[in-house]
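Notes to accompany the following structure.
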Amino acid sequence: MKVGFIAMSGVRAYNEELTRIGLTLPGFVERSQVIASLPSLSLLTLAAMTPPPIEVEYREIKDLRNTPPLPTDYDLVAISSFSAQIYEAYQVADEYRRQGIPVVLGGLHVSVLPEEAKTHCTSVVVGEGEISWGKVVADFVAGKLQDYYTPAGESYNLADAPIPRYELLDIEQYNRLTVQTSRGCPHRCDFCASSILLTPKYKVKPVEQVIAEIRRIKAIWKHPFIEFADDNSFVIREYYKRLLRALKDEGLRWFTEADISVAEDEGLLHLMRESGCRQVLIGLESPTPQGLDGVEQRRNWKLKKLPDYESAIRTIQGHGITVDGCFILGLDGDGEDIFDRVYEFVENTGLYEVQLTVLTPFPGTPLYHRLRQEGRLLEDRAWHKCTLFDVNYVPKQMSVERLERGLVELSRRIYDSAFIRDRRRRFFKTLRRSGVEWLQKMEEGWGDEYRDDQEAVCDRRAV
Ligand code: SF4
């Protein structure tokens, strides 16, 4: 008996014009490479939960049009996909079912749209997959798969998580591997389609388990680059300080996503640096109060943090950790001047790395429901346009064309090689001035390796 785990892992812009004009720009190219290079941690975890003697196999589909014929020797297929590739996932599921092979679909997209998914598969796993997988496998073996597996108000305890089956990966294909330390986020952003849709509370994985996972990775990759597959690391400071102290001796280079408050804790920043943190990705969203107003829906947290943005970036980068600042163009509060405002902000702060995206109505988000209600979706259920580059709504303060043009023009300016070089030079210059102890090592030759890591990290950013 054999289960095929299939991850839909590629994302590209849908708009052909945008592809023609803009997709050669480094920001776009890097982002699609990053997404395509991430293995599906959830499927590797479910593979680890599949008991022997059932065989397991892991596959990725980056672009269905250029994928060789898929194996047909599976008895069960489990597919996970981003919204942008969900229609390709449905095609794969339809094809397997046509061959008489049952298909289970899971992940964020199908969890918010289980009825849509059910028309293409045998069973839909709603919510955190680990809660239901044991039952799915048992039902499959017994020949009585159910239509839906929906945990009734349960939340998965990350302490119960097995070590993902990293050894199923063709390790040569990856420039980093992911490890999850937490799930959830205490904030509620209007547009957020992350693990907050699956878990209402922030939760962490025990430190010893995270270290065990990292050691398992090191058994197949001596000096790995790790990305923490968290939506917002460092929320529980004491936990993370314990984790970082434990990480210090592991010889890692790592990357994660966090919110701007990470800059408030010097001790944490020091530990991050000491344990190998190379870059943090932070959702800044907009450099304007109008743009940020209402984005975070619980306490308007992001608006309140705006006055700290510039100094926070300097503080983090001053610790030798580069910041990848993410902006969302086309927020309701922002007008046509947003393109210049973002550029000025990047120039002022010397942000090492920048991600530009357009506001995207992912299914299940408050944003999607609001835009739908206001009649502002250009095409409902156009999930293939959930790429973060394609505009699928009517912006409040500019035309669709202006937003599309603004994205491309701003990208040309932000990703201009001289501007990138200048920001990177400033980063190293600031470090040199701060004269921190480890900078000596850089001056003595470690700098090249450090810079290589920074180049590598550019290829390793997530959405
Ligand atoms: S801070 Fe980030 S992860 Fe948290 S809700 Fe906002 S967008 Fe989502």
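The values are calculated or read from the model by the stated rules, or taken from the named source; none is laboratory data. Keep in mind it's a predicted model, so treat the numbers as computed, not measured. We place every Cβ from the backbone using ideal geometry, glycine too, and count neighbours over all the protein chains shown.
Hey, can you tell me all the residues within the range 305-316 that are under 15 Å from L268 (Cβ atoms) and not hydrophobic (A, V, I, L, M, F, W, C)? Spell out how you get there, then give the answer.
Let us first name the residues in the range 305-316 that are under 15 Å from L268 (Cβ atoms), namely 312, 315-316.
The one that is under 15 Å from L268 (Cβ atoms) and not hydrophobic (A, V, I, L, M, F, W, C): T315.
Sort out which residues of the range 61-74 are surrounded by 15 or more Cβ atoms within 10 Å (Cβ to Cβ) and modelled with pLDDT under 95, and write them in order of number.
Answer for the range 61-74, where residues must be surrounded by 15 or more Cβ atoms within 10 Å (Cβ to Cβ) and modelled with pLDDT under 95: I61, K62, L64, L70.
What single numbered condition from (1) modelled with pLDDT under 95; (2) over 23 Å from Q355 (Cβ atoms) fails to hold for V34?
So V34 meets the others, but not (2).
Since D324 meets every condition but one in (1) crowded, with 17+ Cβ neighbours inside 10 Å; (2) within 16 Å of the ligand (Cβ to nearest atom); (3) more than 28 Å from I214 (Cβ to Cβ), which condition does it not meet?
In the conditions (1) crowded, with 17+ Cβ neighbours inside 10 Å; (2) within 16 Å of the ligand (Cβ to nearest atom); (3) more than 28 Å from I214 (Cβ to Cβ), D324 misses (3) alone.
Kindly provide the set of residues from the range 327-345 that are of a type outside the set (A, V, I, L, M, F, W, C) and crowded, with 23+ Cβ neighbours inside 10 Å, ordered by number.
Those that are of a type outside the set (A, V, I, L, M, F, W, C) and crowded, with 23+ Cβ neighbours inside 10 Å: G330, D334.
Show me the strands (runs of 3 or more DSSP E) found entirely inside the range 161-276 where at least 2 residues are surrounded by 19 or more Cβ atoms within 10 Å (Cβ to Cβ) and within 16 Å of the ligand (Cβ to nearest atom).
On the way: elements: 177-179, 225-228, 253-258.
Here the list reads 225-228, 253-258.
Filter the range 280-321 down to residues that are away from the ligand (no atom under 16 Å from the Cβ), farther than 23 Å from L407 by Cβ and among the polar types (S, T, N, Q) and give me whichever is surrounded by the fewest Cβ atoms within 10 Å (Cβ to Cβ).
So the residue we want is S311.
Just to verify a result, which residue in the range 72-97, among those that are assigned to a helix (DSSP H, G or I) and within 16 Å of the chain's Cα centre (by Cα), is farthest from H120 (Cα to Cα)? Walk me through how you get there before you give the answer.
First, pick out the residues of the range 72-97 that are assigned to a helix (DSSP H, G or I): 83-97.
From what is left, the residues that are within 16 Å of the chain's Cα centre (by Cα) are 83-85.
Details: S83: 15, A84: 16, Q85: 14 Å.
If we take residues in the range 72-97 being assigned to a helix (DSSP H, G or I) and within 16 Å of the chain's Cα centre (by Cα), then A84 is farthest from H120 (Cα to Cα).
Condition first: crowded, with 20+ Cβ neighbours inside 10 Å and outside any helix (DSSP H, G or I). Now tell me which residues in the range 110-121 satisfy that.
H120, C121 - these are the residues of the range 110-121 that are crowded, with 20+ Cβ neighbours inside 10 Å and outside any helix (DSSP H, G or I).
Give R432, R460 a once-over and let me know the one that is modelled with pLDDT under 85 and crowded, with 18+ Cβ neighbours inside 10 Å. Even if it seems obvious, please write down each step before you answer.
Details: R432 fails: crowded, with 18+ Cβ neighbours inside 10 Å.
Answer to the check: R460.
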